Amino acid sequence: MLILLVSVEAPKALNTKTPLFTRASFQMPLKAGAVQFDAGMMHPDISAVTVQTCDVQTEDYCIANGHFIFQEPVDPLYADPLAKNYKYASNDNGKRETHRGVDFSAAVHTPVLAAEDGEVVFAGMEKSKTHSPWVNYYGNFIVIRHANELYTLYAHLSRIDVEAGQAVQAGEVIGGVGRTGAAIGPHLHFEVRRGANGENFYSTENPELWLVLEKDGNGEAYGALSIQFDAGLNRKVQRNLVVEYYPTGSKTPETVIHTYTYPVGFENNQEDAVLSNLQPGRYRIVVSGSEGVRDRWVYVESGMLTKVYMSPR
Ligand SMILES: [Zn+2]
């Protein structure tokens, strides 16, 4: 089995205490061919941003507004923002079920917050396999319906403070972090789903495409990168993916991220990999598979989503 862990390594010449993504002070000219789109995003109106005009199959790559509209469901003061080593679509080297959300590690009873305004459509324990293929997989969990048939799911809760039918507002406390169901330790498992009343286990989207981007020490937002491959719907072939950050003028990468593309079971997802909270700047994407090695250069901008399509030849 392929390991789907994400690891980040710093080149040996760097002080290992260098922050993962430090803010560099330089302008980022768009590469020729990059197209800047304004999808008219206005938080918290979800419907205003769902029309995505970026066609990655005809553009070299696009820098779009994205839809980073869901606030973090656990206060960043109390939680690791995202599980760095058990990302969306990971299976922890085959040891765990393929991950359909992201995890926020936090102490039991840490408040869990609604990611956006919405209506609770499920709150309790799973009595039958309504939301997953396994009974009691999620323990105590909540599903909230938002605009545009989007749903967020909050699992392994220690307690539930809301009930089905209740309207909630973004940031409202809905429960507590726990370890009920199939949880190794206390954490919040957070999913984004679309359609089917939030009950389709396979209709998840990568939360890194939806959660508000974090900010650096100067209050400037990081950026995100979405990568789609030509054979994106054939996820039988998992590809090694390396994403390198190059400071302006540098011929060597300052940061190297190792990850893998989505496996079988993610056919509902348009893209093959997502990386969020990236230091803005110049990146090289290297993908290797049975068809060989390919690479592409792109820019990532503060608060924006860079979308790139890679064909094999
Ligand atoms: Zn999880």
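Given the options 223, 175, name the one that is touching a Pro at 6+ places or on another chain (Cβ under 9 Å), outside the structural domain of residue 303 (by TED's automatic domain parsing), at pLDDT 95 or above and more than 22 Å from residue 92 (Cα to Cα). Before you say what the answer is, go through the steps one by one.
Numbers: 223 fails: outside the structural domain of residue 303 (by TED's automatic domain parsing).
After applying the criteria, what remains is 175.
Could you list, in sequence order, all residues of region 154-177 that are within 13 Å of the ligand (Cβ to nearest atom) and either of a type in the set (Phe, Trp, Tyr) or surrounded by fewer than 24 Cβ atoms within 10 Å (Cβ to Cβ) (or both)?
Step one: list which residues in region 154-177 are within 13 Å of the ligand (Cβ to nearest atom), which gives 154-157, 177.
Matches in region 154-177: 154 only.
Determine, yes or no, whether residue 242 is farther than 28 Å from residue 145 by Cβ and either within 16 Å of the ligand (Cβ to nearest atom) or modelled with pLDDT of 90 or more (or both). Write out each step before concluding.
Working: farther than 28 Å from residue 145 by Cβ: yes; either within 16 Å of the ligand (Cβ to nearest atom) or modelled with pLDDT of 90 or more (or both): yes.
The answer is yes for residue 242.
Checking residue 210 against (1) crowded, with 17+ Cβ neighbours inside 10 Å; (2) more than 16 Å from the chain's Cα centre (by Cα); (3) more than 15 Å from the ligand (Cβ to nearest atom); (4) at pLDDT 95 or above, which single condition isn't satisfied?
Of the numbered conditions (1) crowded, with 17+ Cβ neighbours inside 10 Å; (2) more than 16 Å from the chain's Cα centre (by Cα); (3) more than 15 Å from the ligand (Cβ to nearest atom); (4) at pLDDT 95 or above, the odd one out for residue 210 is (2).
Return yes or no: is residue 149 within 15 Å of the ligand (Cβ to nearest atom) and of a type in the set (D, E, K, R)?
On the way: within 15 Å of the ligand (Cβ to nearest atom): no; of a type in the set (D, E, K, R): yes.
When the stated conditions are applied, residue 149 does not pass them.
For residue 183, state whether it is under 21 Å from the mean Cα position of the chain (by Cα), within 16 Å of the ligand (Cβ to nearest atom), assigned to a loop (DSSP other than H, G, I, E, B) and within 14 Å of residue 112 (Cβ to Cβ). I'd like the intermediate steps shown before the answer.
Working: under 21 Å from the mean Cα position of the chain (by Cα): yes; within 16 Å of the ligand (Cβ to nearest atom): yes; assigned to a loop (DSSP other than H, G, I, E, B): yes; within 14 Å of residue 112 (Cβ to Cβ): yes.
Answer is yes for this residue.
Which numbered condition trips up residue 127, out of (1) of a type outside the set (A, V, I, L, M, F, W, C); (2) assigned to a strand (DSSP E or B); (3) free of Cβ contacts under 8 Å to residues at least 24 places away in the same chain?
Going through the list (1) of a type outside the set (A, V, I, L, M, F, W, C); (2) assigned to a strand (DSSP E or B); (3) free of Cβ contacts under 8 Å to residues at least 24 places away in the same chain, residue 127 breaks only (2).
For region 213-222, does any single residue satisfy the condition of being surrounded by fewer than 18 Cβ atoms within 10 Å (Cβ to Cβ), in a loop (DSSP other than H, G, I, E, B) and within 16 Å of the ligand (Cβ to nearest atom)?
no
The values are calculated or read from the model by the stated rules, or taken from the named source; none is laboratory data. These numbers come from a predicted model, not from an experiment. Backbone-built Cβ (ideal geometry, glycine too); neighbour counts: all protein chains shown.
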